[in-house]
Amino acid sequence: MSTAHVVRRVAVFGGTHGNEMSGVYLVKRWLQNQEAITRSSFLTVPCIANPHAVERCRRYIDVDLNRQFTQEHFSMDFPPSTAPYEVHRAVELNKKFGAKGEAFDVIIDLHNTTSNMGNCLIIGSSMDSFTLQMVKYLVQRSGLVCPVFLTENTVPQLEMADSKRLGVHGISLELGAQPQGVLLADIYLRHERLVHTCLDFIHKFNQGEVFPPETLEVYRILHVVDYPRNNDNDLSAMVHPELQDKDWHPLKPGDPMFLTLDGETIKYEGDSTVYPAFINEAAYYEKGIAFWATQKETLNVTELQVKTN
Ligand SMILES: [Zn+2]
């Protein structure tokens, strides 16, 4: 049996990336009508995480905000004036929601991807029973198919430093496929439903409901795969048509992976089956990522109840 502290404060972030529109517009709406996301046992605060990027409908102004939630930035009170806008923003968000501020219990961060990831739930730890039980609740009770992406990894280059780190517990709801700067109604409605299901779970937890032991299927990140490139570091191939949109499907040794600009197929030559995610995500060309290779795992989730003293 695990216990966790009662949840007092929950933040819902939209616009951590300014051109991911369903989170932006849900949060804009909730800022006008906070009642819609209120539950009686805790406070819910909506927040546009990167307002300048949202105004310009861009992913970010200077650097990716969702990689700035580092210990180095958390330790700052005032970043140098020459620091990128998003570093200033990460420090401000930490002063409001993080350990330097009111220390929010849960951060729910809304994202969209151009990849065909469905209703993806992203978590950073396999050890946090509260978040794992919340994810299991979403899988069982939202009425939506939700692949779970676990970004826990020991490879330093894959360190996320994302907004989930601001809170004691955190989850990203990464819905796609949706083009950047485009609002799709069905994705907006699914995003909304997932947020409400999270809030329902938290309210039940606060009221003392016991969540039984469970197992949870997750896709754990293994490594990233870049596009084939020429000597100028420019693309020499694209995602193969047979791999495009096949997020979460097995990619087996010998399966087509890329198609060169000359029309030649490049096969996957690893020694084991992987499950690709974020295939051909528009924002990842600059990061050198064609997709993330993941492996399927089953986690044991311990029984959970609110700590009573
Ligand atoms: Zn995003």
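Where a number appears in this text, it was derived from the coordinates with a stated rule and is not lab data. The structure presented is a predicted model; accordingly, all values stated were derived computationally and were not measured. Cβ coordinates were reconstructed from backbone atoms using ideal geometry, including for glycine residues, and neighbour counts include every protein chain displayed.
Stokes-Einstein D for segment 193-309 at 10 °C, 1.306 mPa s, Kirkwood Rh over Cα pairs, in µm²/s?
Details: Rh = 17.0 Å.
The diffusion coefficient I find is 93 µm²/s.
Given bins 10 angstrom wide, list per bin the percent of all Cα-Cα distances in the chain, short to long.
6, 26, 35, 23, 8, 1, 0
Quick one: which residues, 5+ away or cross-chain, put their amide H under 5 Å from the amide H of Arg39? H built at 1.01 Å from N.
Thr44
Once the Cα gyration tensor of segment 114-194 is found, what semi-axes does its equivalent ellipsoid get, as square roots of 5 times the eigenvalues, in whole Å, sorted largest first? Numbers along the way, then the final one.
Numbers: eigenvalues 99, 57, 23 Å².
Rounded to whole Å, the semi-axes are 22, 17, 11.
Based solely on C-alpha atoms, express the radius of gyration and the Dmax of segment 40-188 in angstrom.
Here Rg and the maximum Cα pair distance are 15.8, 47 Å.
If you take every DSSP beta bridge whose two residues both sit in the chain, what share of them, in percent to the nearest 5, is antiparallel?
Values: 29 of 54 bridges.
Around 55 percent of the beta bridges assigned by DSSP in the chain are antiparallel ones.
Using a cut-off of 10 Å between beta-carbons, work out the net charge of the residues near Pro46 (Lys and Arg +1, Asp and Glu -1, Pro46 not included). Write down the numbers at each step before the final one.
Details: positive: Lys28, Arg29; negative: none.
Result for the neighbourhood of Pro46: +2.
Say R0 is 51 Å: what FRET efficiency, to the nearest 0.05, do Thr3 and Asp232 get from their beta-carbon distance? Mind showing how you got there, number by number?
On the way: r = 56 Å, r/R0 = 1.10.
Efficiency, rounded to the nearest 0.05: 0.35.
Would you kindly derive the ³J(HN,Hα) couplings of segment 87-102 from the backbone phi angles with the Karplus curve 6.51 cos²θ - 1.76 cosθ + 1.60 (θ = phi - 60°), listing them in order in whole Hz, with x for Gly and Pro?
5, 4, 5, 4, 5, 4, 5, 5, 5, 8, 9, x, 4, 7, x, 7
In terms of modelled amide H atoms, which long-range or inter-chain residues lie less than 5 Å from the amide H of His223?
Long-range HN contacts for His223: Ala293.
Apply the Karplus curve 6.51 cos²θ - 1.76 cosθ + 1.60, θ = phi - 60°, to the phi angles in segment 115-125 and return the couplings in whole Hz, x for Gly and Pro.
Karplus values, whole Hz, x for Gly and Pro: 7, 8, 8, x, 9, 7, 9, 10, 10, x, 9.
In what sequence, highest mean first, do 126-135, 185-194 appear when ranked by Cβ atoms within 10 angstrom? If you can, show how the numbers build up before the last one.
Values: 126-135: 21.4, 185-194: 16.8.
By packing density, highest mean first, the sequence is 126-135, 185-194.
List the lysines whose Cα sits under 20 Å from the Cα of Lys95, skipping any in the same chain fewer than 8 residues away.
Output for Lys95: Lys164.
Taking 0.36 nm per residue of separation and subtracting the Cα-Cα distance, what length does fully extending Glu72 through Lys296 add? Show your work: numbers first, answer last.
Details: separation 224, 0.36 × 224 = 80.64 nm, distance 3.26 nm.
Roughly 77.4 nm would be gained on extension.
Summing Lys, Arg as +1 and Asp, Glu as -1, what charge do residues with Cβ under 13 Å from the Cβ of Leu235 carry, Leu235 excluded?
On the way: positive: Arg229; negative: Asp226, Asp232, Asp234, Asp262, Glu286.
Residues near Leu235 contribute -4 overall.
Using θ = phi - 60° and the Karplus relation 6.51 cos²θ - 1.76 cosθ + 1.60, list the HN-Hα couplings for segment 253-269 in order, rounded to whole Hz, with x at every Gly or Pro.
Along segment 253-269, the couplings run x, x, 6, x, 10, 10, 10, 5, 5, 8, x, 9, 7, 10, 8, 6, 10 Hz.
Relative contact order (percent) for segment 211-309, with alpha-carbon contacts under 8 angstrom and 6 or more residues of separation? Intermediate values should be presented prior to the final figure.
Numbers: 194 pairs, mean separation 38.9, N = 99.
Relative contact order for segment 211-309 comes out at 39 percent.
Of Ile48, Pro80, Ala90, which is farthest towards the positive pole of segment 30-178's charge dipole, taken about the Cα centre with +1 and -1 on the beta-carbons of Lys, Arg and Asp, Glu respectively?
Ile48
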